[in-house]
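Following: one structure in structure tokens, then a few remarks.
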Amino acid sequence: MAGELESLEKLLEKHIPPDELREVWRLLYGKEIRPLDLPSCASQAASKAGFDLQGYGFEAAQEQTRRPRIVRVGLIQNKIQLPTTDPVTEQISALHRRIAEIVEVAAMCGVNIVCFQEAWSMPFAFCTREKLPWTEFAESAEDGMTTKFCQELAKKHNMVIVSPILERDSVHGDTIWNTAVIISNTGAVMGKSRKNHIPRVGDFNESTYYMEGNTGHRVFQTAFGRIAVNICYGRHHPLNWFMYSMNGAEIIFNPSATIGELSESLWPIEARNAAIANHCFTCSINRVGTEHFENEFTSGDGKKAHRDFGHFYGSSYVSAPDGSRSPGLSRVRDGLLVAEMDLNLCRQTSDKWNFKMTGRYEMYADELTKATQPDFKPNIVRE
Ligand SMILES: NC(=O)NCCC(=O)O
């Protein structure tokens, strides 16, 4: 059942009477958000291309001294397009074609910043622990074929693109990283942000391929707002979100690849909590579909060897600083979620709740410094 279920939202809509459903949404998803009136050409194109298209608007109060700062963000989730046994460059090109098709629809919807899923230009093959052919999907962040492809798209659509790829760093001994490339709406590469926390859980054997990132908590001042990228497993680390926010991020993207049994119950909580705790918007994007590999691999749990990683459950969604959130995209289909947000909501929520002002950061900095020393003694009072 879990593999085929379209979404939690569809399930609730099916079983809860319409007059009570509104109350259910209020309790589950916070302040009501506005469905966006997307152009019919976009809906037609999405249905023809077989992907879920949804759009929502987050409101902020009118201010006297600042204009609204409206930005439209697009979150794209997609399946791999070809079997994992096909030639590497053909797999990459097929993914490029699929993304170009979805980005075209994002452009019709007036999207200013788009973000793709983690390692979007490849299958999530790290479960196999095999090096070839998977390491051949790694590309230069600055001038690899996927970055060049994104530069063309960015220029064509006047759109900032966040492109999470497997990076080959030829300057530093051909090392591999898990990296998001940020491409300006002018088509220029603004820079890159590497995954800070590498999982050591389940079949997420990424530590066989690359190390923890070394780019810190960069924030990119784009034409449409200040953005940062907290890649996948980093969402379990509240301090990771926090440091992007401390550097001024107004929107933090969380491109991910995660599967049902492991994390589906955590998925709706962590990024939403981060938006609340840090007075910013968070955009959670998960891969979708089940990927099969030629050779069996084991999970170190005594169970039988297998050829698939499990079901990537999509369900991409956006959370706002006031705790409201959008419904999720499909659990089983490709999708584009368009979210219109007024970035003024970040400061408005901060002024209301004051989490930054009441944060006591010096106290924590001092205590954390002590806690990370080898001779640390936990502050426990005993009778
Ligand atoms: N891609 C990745 O880091 N996945 C780890 C599992 C999770 O964080 O849900």
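The values are calculated or read from the model by the stated rules, or taken from the named source; none is laboratory data. Just so we're clear, the structure is a prediction, and the values are computed from it rather than from any experiment. Neighbour counts run over all protein chains shown; Cβ positions are idealised from the backbone, glycine included. Accessible surface is based on the protein model in full, side chains and every heavy atom, while ligands, DNA and RNA are left aside. Shrake-Rupley method; radii C 1.70, N 1.55, O 1.52, S 1.80 Å.
Some values worked out for this structure:
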{"read-out": "Amide H partners (placed H, <5 Å) of His197, local residues excluded", "value": "Gly213, Gly234"}
{"read-out": "HN-Hα J in Hz across the stretch 343-356 - Karplus 6.51, -1.76, 1.60, θ = phi - 60°, x for Gly and Pro", "value": "5, 4, 4, 4, 5, 4, 6, 4, 5, 6, 9, 6, 5, 5"}
{"read-out": "Whole-Hz ³J(HN,Hα) from phi, Karplus 6.51 cos²θ - 1.76 cosθ + 1.60, for the stretch 236-253, glycine and proline x", "value": "7, 10, x, 5, 5, 4, 4, 5, 4, 5, 4, 7, x, 5, 9, 10, 10, 8"}
{"read-out": "Phe376, Phe116, ranked by accessible area, largest first (probe 1.4 Å)", "value": "Phe376, Phe116"}
{"read-out": "Computed lengthening from His292 to Ala49, 0.36 nm per intervening residue step minus Cα-Cα distance", "value": "85.2 nm"}
{"read-out": "Zero-based 10 Å bins, Cα pair distances in the chain, whole percents", "value": "5, 23, 34, 25, 11, 2, 0, 0"}
{"read-out": "Accessible area of Trp353 in the full protein assembly, 1.4 Å probe (Å², nearest 10)", "value": "140 Å²"}
{"read-out": "Rounded D (µm²/s) - the stretch 181-301, Kirkwood Rh over Cα pairs, Stokes-Einstein at 4 °C, 1.567 mPa s", "value": "83 µm²/s"}
{"read-out": "Sites Leu266 and Glu212, calculated FRET efficiency, Cβ-Cβ separation with R0 22 Å, nearest 0.05", "value": "0.60"}
{"read-out": "Calculated from backbone phi, Karplus (6.51, -1.76, 1.60) coupling profile of the stretch 113-124 in Hz, x at Gly/Pro", "value": "10, 10, 10, 9, 6, 4, 6, 5, 8, 7, x, 8"}
{"read-out": "Area of Tyr364 that stays accessible when all protein chains are in place (1.4 Å probe, Å², to 10)", "value": "120 Å²"}
{"read-out": "Solvent exposure ordering (accessible area, 1.4 Å, most first) of Trp25, Trp267", "value": "Trp25, Trp267"}
{"read-out": "Met145 accessible area, assembled protein chains, probe 1.4 Å, Å²", "value": "90 Å²"}
{"read-out": "Sites Met246 and Ala61 - FRET efficiency at Förster radius 30 Å, r taken between beta-carbons, to 0.05", "value": "0.75"}
{"read-out": "The chain: relative contact order as a whole-number percent, Cα under 8 Å and 6+ apart", "value": "21 percent"}
{"read-out": "FRET efficiency, Lys131 to Arg382 (Cβ-Cβ, R0 56 Å, nearest 0.05)", "value": "0.65"}
{"read-out": "Interchain or long-range residues, amide H under 5 Å from Leu5's placed H", "value": "none"}
{"read-out": "Accessible area of the chain belonging to carbon and sulfur atoms, whole % at 1.4 Å probe", "value": "53 percent"}
{"read-out": "Stretchable slack from Lys303 to Leu5, in nm (0.36 nm times residue separation minus alpha-carbon distance)", "value": "104.7 nm"}
{"read-out": "Helix-only [θ]222 nm of the chain, DSSP H runs n ≥ 4, -39500 (n - 2.57) each, per residue, nearest 500", "value": "-8500 deg cm²/dmol"}
{"read-out": "In nm, spacing of pseudo-spin labels at Val201 and Ala100 (7 Å Cα→C-beta vector)", "value": "3.7 nm"}
{"read-out": "Residue-normalised accessible area of the stretch 57-131, expressed per residue, 1.4 Å probe, Å²", "value": "39 Å²"}
{"read-out": "Whole-Å distance, taken between Cα centres, linking the stretch 14-45 and the stretch 346-381", "value": "38 Å"}
{"read-out": "Anisotropy class of the stretch 1-113 from Cα gyration tensor, a/c 1.5 cut", "value": "oblate"}
{"read-out": "Amide H partners (placed H, <5 Å) of Ser316, local residues excluded", "value": "Asn286, Leu329"}
{"read-out": "Low-density loop positions, trypsin sites (Lys or Arg not before Pro), the stretch 21-91 - DSSP coil, at most 14 other Cβ in 10 Å", "value": "Lys31, Arg66"}
{"read-out": "All lysines inside 25 Å of Lys192 as judged from Cα atoms, apart from same-chain residues fewer than 8 positions distant", "value": "Lys79, Lys131, Lys148, Lys155, Lys156"}
{"read-out": "Those residues of the stretch 266-293 whose amide nitrogen sits under 20 Å from the label point placed on Asp351, 7 Å along Cα→Cβ", "value": "276-281"}
{"read-out": "Debye, to nearest 20: dipole size of the stretch 91-193, +1 on Lys, Arg Cβ, -1 on Asp, Glu Cβ", "value": "180 debye"}
